[in-house]
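Peer 1: First, the structure itself, so that you have it in front of you.
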Amino acid sequence: MKLVALQGGGVADEVLRSAQDAEDFEQELVDEYALAMAAAGLTDGHVRSTRATVIEFARSLTCPLWEASADDADRFLAEQRRRGLSVTTRAGKAGSLAQFYEFLITRYQGKIRRMTGVTVEQPIDEFNRQKGKSLGKIRVPPSDAEIEELFTRWRGSIPGARKYLPAARDYFAASLWRRLGLRINESVMLDIRDWRPDLGGFGKLHVRFGKGSGGRGFKPRLVPAINGADQLIDWWLAEVRHQFGEDWQNPDAPLMPSERFDDELGRCGRIGHNSLRRALTIQTERFLPAWAGRLTPHVLRHYCASSLYGTGMDLKALQELLGHQWLATTSGYIHVRSEHVELAWRNANQRVEARLTGEG
């Protein structure tokens, strides 16, 4: 990058003199954004992914990044769709680009204008950025009766299972999703030490690997063992967990182990995501076939939120339980089978009828 003095002997400013200068400046902007993300505490993986998206977009352009328009973004996102990328992936890339351009506009707008004469515009707008419900199907969960049928029959099948211990473990994991709305990764990463029966009226699970927002690493939280979860955990620890191995008193041992014992660490291995997902799929096909292929750990998380809200828990408490940063996110998890609209319609018609007949 070359420097020249401003007329009148002012402070030196950067001026682009060649295509190489423009390329270097473009790279500098991308690197500065990566540095800003790192300073904000975003994870290395998030920084790498975002940087890769910005570079991919830059390579699709016939102009520098600061000259990109909404039309350029339209073409880029349309190409992503032609390549078969999912709606969620495309929306994630659009979001990454939107944040990058907000960074340019906020921090570098003046500098870019002085050097190039261009005013940076946001190429991602409400028309080409997919968001909200367009990201996929709404995860409306099964009814209370359906969930009760599934888990009652599942629990009843455990004593006769070919492998009792894995069957009990899979049921326990799915029950945590149903009763506390834990994410699957949060469940898998629980250790024995994370159960704290001494905290609160029900005991609490220390979820150390809660999902952070915007790539900001893990967000720990304490989850009270409400909704029958305390009895569920007592059953698991008192009757099942010790049968996996002698590590049941090791606080660093996984709460939900695999059948393999790690001799080097002296404790059971940790069960994987896929095993738990597969178990839920199999049991749903057996005991709730109407939901075969549709009931996932995340749908059970939605069920938990909806059922607790339906019994009177307020949104703020649900937000804390689920580990959401924004209340609006929690609101999207609520699918209550309420008849308040129908009741309001019926009452309104009764009032009109009463006025017309002179009974009001």
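The values are calculated or read from the model by the stated rules, or taken from the named source; none is laboratory data. Everything numeric here is computed off the predicted structure, so don't read it as measured data. Here the Cβ positions follow ideal geometry from the backbone for every residue, glycine too, while neighbour counts run over all protein chains shown.
Peer 1: Quick one: which residue in Thr88, Thr53 is under 14 Å from Arg129 (Cα atoms), touching a residue at least 24 places away in the same chain (Cβ under 8 Å) and hydroxyl-bearing (Ser, Thr, Tyr)?
Peer 2: Thr88
Peer 1: Where residues in the stretch 275-324 are over 30 Å from Asp252 (Cα atoms) and of a type in the set (Asp, Glu), which of them is surrounded by the fewest Cβ atoms within 10 Å (Cβ to Cβ)?
Peer 2: Asp314
Peer 1: Name the pairs whose Cβ atoms lie under 9 Å apart, with the first residue in the stretch 69-85 and within 12 Å of Arg129 (Cα to Cα), the second of a type in the set (Phe, Trp, Tyr), and 6 or more positions between them or separate chains?
Peer 2: Note: pairs meeting the criteria are Ala70/Phe127; Ala73/Phe57; Asp74/Phe127; Phe76/Phe57.
Peer 1: Look through the stretch 200-211, keep the residues that are in contact (Cβ under 8 Å) with a residue 24 or more places away in the chain and farther than 15 Å from Arg301 by Cβ, and return whichever of them is surrounded by the fewest Cβ atoms within 10 Å (Cβ to Cβ).
Peer 2: Ranking the candidates gives Gly200 first.
Peer 1: Any residue at all in the stretch 130-151 that's in contact with a Pro (Cβ under 8 Å, 6 or more places away or on another chain), at pLDDT below 90 and either at positive phi or among the polar types (S, T, N, Q) (or both)?
Peer 2: no
Peer 1: Would you call Val207 within 22 Å of the chain's Cα centre (by Cα), closer than 30 Å to Ala40 by Cβ and of a type in the set (A, V, I, L, M)?
Peer 2: Yes.
Peer 1: Among the listed residues Leu300, Leu315, Leu255, which satisfies the condition of being touching a Leu at 6+ places or on another chain (Cβ under 9 Å), farther than 18 Å from Leu150 by Cα and in contact (Cβ under 8 Å) with a residue 40 or more places away in the chain?
Peer 2: Just a single option satisfies the conditions, and that option is Leu255.
Peer 1: Another question, then. Of all residues in the stretch 244-274, which are surrounded by fewer than 21 Cβ atoms within 10 Å (Cβ to Cβ) and farther than 21 Å from Ile184 by Cα?
Peer 2: Scanning the stretch 244-274 gives Gly245, Glu246, Asp247, Trp248, Gln249, Asn250, Phe261, Asp262, Asp263, Glu264, Leu265, Gly266.
Peer 1: Can you name the condition, by its number, that Asp263 falls short on among (1) in contact with a Lys or Arg (Cβ under 7 Å, 6 or more places away or on another chain); (2) free of Cβ contacts under 8 Å to residues at least 60 places away in the same chain?
Peer 2: For Asp263, the exception is condition (1).
Peer 1: Do the conditions hold for Leu327, that is, is it loosely packed, with under 14 Cβ neighbours inside 10 Å, within 22 Å of the chain's Cα centre (by Cα), at pLDDT below 90 and not β-branched (Val, Ile, Thr)?
Peer 2: yes
Peer 1: Can you tell me which of (1) at pLDDT 85 or above; (2) loosely packed, with under 11 Cβ neighbours inside 10 Å is the one Glu342 doesn't meet?
Peer 2: Evaluating Glu342 over (1) at pLDDT 85 or above; (2) loosely packed, with under 11 Cβ neighbours inside 10 Å leaves (1) as the failure.
Peer 1: Report, ordered by the first and then the second residue, all pairs with beta carbons closer than 9 Å, sequence separation of six or more or different chains, a first member in the stretch 342-360 that is among the charged types (D, E, K, R), and a second member that is surrounded by 11 or more Cβ atoms within 10 Å (Cβ to Cβ) and modelled with pLDDT under 70.
Peer 2: Within 9 Å, no pair qualifies.
Peer 1: Okay, next question. Among the residues that make up the stretch 251-273, is at least one of them under 25 Å from Val223 (Cβ atoms), of a type in the set (Ser, Thr, Tyr) and within 24 Å of the chain's Cα centre (by Cα)?
Peer 2: Checking the stretch 251-273: not a single residue is under 25 Å from Val223 (Cβ atoms), of a type in the set (Ser, Thr, Tyr) and within 24 Å of the chain's Cα centre (by Cα).
Peer 1: In this structure, is Thr106 touching a helix residue (DSSP H, G or I) at 6+ places or on another chain (Cβ under 6 Å), in the same structural domain as Leu29 (by TED's automatic domain parsing), of a type outside the set (Gly, Ala, Ser) and in a helix (DSSP H, G or I)?
Peer 2: No, not satisfied.
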